[in-house]
Amino acid sequence: MANSSNGNYAIKADKLSVYYGEFRAVREVDLGIEPRRITAIIGPSGCGKSTVLRALKSLCELIPSVHTEGKVVFGGRNIYELDVDPVEVRRRIGMVFQKPNPFPKSIYENVAWGARINGFKGDMDELVESTLKSAALWDEVHDKLDQSGTSLSGGQQQRLCIARAIAVKPDIILMDEPCSALDPIATLRIEELMHDLAKDYTIIIVTHNMQQAARVSDFTAFFSLSEDGKRAGTLMEYGETKHMFTRPEKKITEDYITGRFG
Amino acid sequence: MNKTYLRLTVRKPSLNAPIVASQSDPNAKVPVQQMPDLRRRPRLRELTINGFLFLCGFLSIFITFGIVYELGKESFLFFRNRQWSSTNKPLAADINPEQTVFEVEASGTPLQTDMNYRIEGEIIHIDAIDGTSLTVQRGFDDSQPAAHRAGLTLEAELRPNLLEFITGTEWAPHNGKFGILPLLTATLIVSGVAIVVAVPLGLATAVYLSEYASPRAHNTLKPILEILAGVPTVVYGFFALTFMTPLLRSIFGADTVNIYNMASAGIVIGILILPFVSTVSEDALSAVPRSLREASYALGATRLETALRVVVPAAFSGIAAAIILAASRAIGETMVVAIASGAGPNFTFNPFEAAETMTGHIVRISGGDMSYNSVDYNSIFAVGLMLFVMTLILNVISQRIVRRFREIYE
């Protein structure tokens, strides 16, 4: 696939297929993610975008009927090798979900929790403060850290979830349609935050919003259902966002981006 | 053609009403739209069912109030009226209305000076006792002095009061001892043991079923637990007496453990209420949204960390409610304690001793041949009211906790 990589990927899917029982939802995806860049995954509903995202983080296997084939190379190892600890993989790859899902604990505890279970031995107050500052939430919550995380507004909750994810110092942050439940202003704040975070983190974002993909991402991967009628999610085209949105190589990509289907 | 169409689709105001559209425009191809009939229709069935459902709800509330009223009234009368208890001490000879010194037999319970006694309808006040000879005031408390035949027994006057009821450590109503503490402590010890058994086991079961069990294990275990809830309590009672008690005696020694003891009954009640704790807690755990678990796993939490530090706290209100409901079930449980924990009030904190709980006492008194309007009989209403107040308090606490800690998940 077309991209300007020097082959030094933050994480790389290698012929990755994901099955729900017998059904192959995602077929042989090869996708190398550039470090410290924002990669957007776009595509019509049901084409396996979220499944790929979860497969990158060993989250799929929590559902009993799901299994994967192929490799996901992260930190020099295939994370699906038997002696790789999925718990450690999950810790190093953070995730922000579609709907804000803060724990029903205090704001402080939401941020501190992940660090605490991972054996953090530093100054917790400082970690919470610096993390909330990186998530652009500190100014709004610094005087009510003991309030429940669920008492915040939707946009604040989502930034709290981002703070929670970066508090454990992951290498990569996955975002599964993080703005789909938010209004345009809250969305804008999250997008600005993503730009800031991209200085330190590799970000992969699944989005339904083409403008968002064009606005925030450096690279774009377009997924669609395979054309052979088996309805498996396939990576159709992958490249720099500015190329994808101006001169897509494939007809199907162009049709999707211009809104002719999907 | 046109007319048929209209008859099928709209309600004509009356048979003779002109169909305006077709008259004014006979060539119209599209039938002109008629106004829909929006008149309110009577729905008899809805009304009937509505009324029936209201009656059902009303009936259950009415019955509850009826029970509370009856219990409250009898308890009130118990504390307000003087109670009489037979001394089994008969008159040695006939007496006439004026006689103030007379003989009684030596049998029966001893009499006391400065106390009131009743012979038939007449109340007497004993001023002095000399062996079997009594010096009394006749016609006390406005009762009518009368002649009494030899052999009639004296009844002692008992005056239960609320303070003694709550603080007294001896319960023997026929002897004027109205302290409910022995019954209360026995109840608390038995339910305490039950809770200690049921909460860890029930919670662990709930966590296993909701967080760990495969669908197959879940579908096997859940019905078995429900069978546990369906076993008749009398069976549990004999299980306690014939299995748990010998087991305890073989572990702790027959010298320490009474044949009838509170520990055995408590453990078995714990098993009995385990399904309540586990099924209600499991419902609470399952109601915690998947997204919270995923968030926890996504942070690198293990299954145990996720279960104990995210899911259980998030379901806290439901679990607390389950525990409190199970506790009030344990307090009210009767059959097991009636069979296994012994008869007779005993003020003790040793769970290996026999002691009668409030429910056990009520069932023994009301099931025996105690006559209506005797002190013992009247006293069980007060005990029952105490029981009711305890479970009511627990229910109120449970509701408070649910309201205070509930998280609303979409």
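The values are calculated or read from the model by the stated rules, or taken from the named source; none is laboratory data. Because the structure is predicted, anything quoted here is derived from the model rather than measured. Neighbour counts run over all protein chains shown; Cβ positions are idealised from the backbone, glycine included. Just the protein is used for accessible areas: all its heavy atoms, side chains included, with ligands, DNA and RNA removed. Shrake-Rupley method; radii C 1.70, N 1.55, O 1.52, S 1.80 Å.
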Rounded to the nearest 20 debye, what is the charge dipole size of the protein assembly as shown about its Cα centre when +1 sits on each Lys and Arg Cβ and -1 on each Asp and Glu Cβ? 3600 debye
In the protein assembly as shown, taking the dipole from +1 charges on Lys and Arg beta carbons and -1 charges on Asp and Glu beta carbons about the Cα centre, the listed residue (B:44, B:275, A:161) farthest towards the positive end is B:44
Starting from the coordinates of the alpha-carbon atoms of the stretch B:44-190, obtain the Kirkwood hydrodynamic radius over all distinct pairs and give the value in Å to one decimal. 18.8 Å
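Can you give the translational diffusion coefficient of the protein assembly as shown in µm²/s, computed by Stokes-Einstein from the Kirkwood radius over Cα pairs at 4 °C and 1.567 mPa s? Let's see the in-between values first.
On the way: Rh = 32.6 Å.
Reported coefficient: 40 µm²/s.
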Take the Cα gyration tensor of chain A, multiply each eigenvalue by 5, square-root it, and list the three semi-axes largest first, rounded to whole angstrom. 31, 21, 16
For the stretch B:254-263, take each phi angle, set θ = phi - 60°, evaluate the Karplus expression 6.51 cos²θ - 1.76 cosθ + 1.60, and give the result in whole Hz per residue in order, putting x for glycine and proline. 5, 6, 7, 9, 5, 4, 9, 8, 6, 4
Sorted by chain and number, the residues with a modelled amide H under 5 Å from that of residue A:171, at a separation of 5 or more or across chains, are A:93, A:94
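How large, in Å, is the stretch B:181-405 by the Kirkwood hydrodynamic radius built from its alpha-carbon pairs? Write down the numbers at each step before the final one.
Details: mean 1/r = 0.0531 Å⁻¹.
After inverting the pairwise mean of 1/r, the radius is 18.8 Å.
At 1.4 Å probe size, with the rest of the protein present, what percent of the exposed accessible area of the stretch B:266-410 is carbon and sulfur atoms? Walk me through the numbers on the way to the answer.
Values: 3730 of 6040 Å².
Carbon with sulfur: 62 percent of the solvent-accessible area.
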Determine, from the Cβ-Cβ distance of residue B:373 and residue B:231 and an R0 of 45 Å, the FRET efficiency 1/(1 + (r/R0)^6), rounded to the nearest 0.05. 0.75
How large is ³J(HN,Hα), in whole Hz, for each residue of the stretch B:299-304 in order, when computed from phi with the Karplus curve 6.51 cos²θ - 1.76 cosθ + 1.60 and θ = phi - 60°, using x for Gly and Pro? 8, x, 7, 7, 4, 5
Residues of the stretch A:101-125 losing 50 Å² or more of accessible area relative to the isolated chain, 1.4 Å probe, heavy atoms only? A:101, A:103, A:104, A:113, A:117
How many percent of DSSP beta bridges within the stretch A:11-257 run antiparallel, rounded to 5? 60 percent
When ranked by the protection proxy of mean other Cβ atoms within 10 Å per residue, highest first, what sequence do the peptides A:131-138, B:233-240 form? A:131-138, B:233-240
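With only alpha-carbon atoms in the gyration tensor, what are the semi-axes of the equivalent ellipsoid for the stretch A:115-161, in Å, largest first?
Values: eigenvalues 76, 27, 21 Å².
Whole-Å semi-axes of the equivalent ellipsoid: 20, 12, 10.
To the nearest whole number, what is the average tally of beta carbon atoms from other chains within 10 Å of the beta carbons of peptide A:58-71? Could the numbers behind the result be given before it?
Values: counts 2, 3, 0, 0, 6, 1, 2, 0, 0, 0, 0, 0, 0, 0.
Mean partner-chain Cβ count within 10 Å for A:58-71: 1.
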With bins of 10 Å, the percent of all Cα-Cα pairs of the stretch B:47-134 per bin from 0 is 13, 30, 15, 13, 11, 9, 7, 2
Suppose the chain between residue B:54 and residue B:34 were pulled fully straight at 0.36 nm per residue; how much longer would it get relative to their current alpha carbon spacing? 3.2 nm
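Multiply the residue gap between residue B:222 and residue B:251 by 0.36 nm, knock off their C-alpha separation, and tell me the result in nm, one decimal place.
7.3 nm
Under the 0.36 nm per residue contour assumption, what length would be gained going from the current alpha-carbon distance of residue B:98 and residue B:69 to full extension? Intermediate values should be presented prior to the final figure.
On the way: separation 29, 0.36 × 29 = 10.44 nm, distance 4.44 nm.
Here the answer is 6.0 nm.
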Using the alpha carbons of the stretch A:207-262, what is the convex hull volume per residue in cubic angstrom, as a whole number? 77 Å³
What translational D, rounded to a whole number of µm²/s, comes out for the stretch B:83-157 from Stokes-Einstein when the hydrodynamic radius is the Kirkwood one over Cα pairs, at 37 °C and 0.692 mPa s? 277 µm²/s
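Enter the accessible area per residue of the protein assembly as shown (Å², integer; probe 1.4 Å; all protein chains in place). Kindly include the intermediate steps, with their values, before the conclusion.
Values: 34600 Å² over 672 residues.
I get 51 Å² per residue for this part.
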If you average the alpha carbon positions of the stretch A:162-217 and of the stretch A:112-148, how far apart do those two centres end up, in angstrom? 19 Å
Mean-position separation - Cα centroids, the stretch B:149-167 and the stretch B:306-351, in angstrom: 36 Å
In the stretch B:293-317, accessible area falls by at least 30 Å² from chain alone to full assembly (1.4 Å probe) for B:294, B:295, B:297, B:298, B:299, B:300, B:305, B:309, B:310
Measuring from its Cα centre, the stretch A:80-178 shows a charge dipole (+1 at each Lys and Arg Cβ, -1 at each Asp and Glu Cβ) which, in debye to the nearest 20, is 160 debye
Overall dimensions of the stretch B:217-335 as given by Cα atoms, namely Rg and Dmax in Å: 18.4, 57
How much of the DSSP beta bridge set in the protein assembly as shown is antiparallel, as a percent to the nearest 5? 75 percent
Mind listing the phi-derived Karplus ³J(HN,Hα) values for the stretch B:218-229, rounded to whole Hz, using 6.51, -1.76 and 1.60 with θ = phi - 60°, and x for any glycine or proline? 4, 6, 7, 6, 4, x, 5, 4, 5, 4, 3, 6
Inverse mean reciprocal Cα-Cα distance (Kirkwood Rh) of chain B, Å: 27.5 Å
Which parts of the stretch A:157-177, residue by residue, lose 10 Å² or more of accessible area when the rest of the protein chains are there, as against the chain isolated (1.4 Å probe)? A:164, A:168
With unit charges on the beta carbon (Lys/Arg positive, Asp/Glu negative), name the residue among B:360, B:212, B:340 whose Cα is farthest towards the positive pole of the charge dipole of the stretch B:181-405. B:212
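Can you give the accessible area buried between chains A and B, summed over both chains, with a 1.4 Å probe, in Å² to the nearest 100? Spell out each step's value before the answer.
Details: alone 12350 and 24120 Å², together 34600 Å².
So the total buried area for this chain pair works out to about 1900 Å².
Got the relative contact order for chain B handy, in percent, Cα pairs under 8 Å and 6 or more residues apart? Mind showing how you got there, number by number?
Working: 629 pairs, mean separation 66.3, N = 410.
Relative contact order, chain B: 16 percent.
Taking the Cα centre of chain B as the origin, how large is its charge dipole in debye, to the nearest 20, when only Lys and Arg (+1) and Asp and Glu (-1) carry charge on their Cβ atoms?
3580 debye
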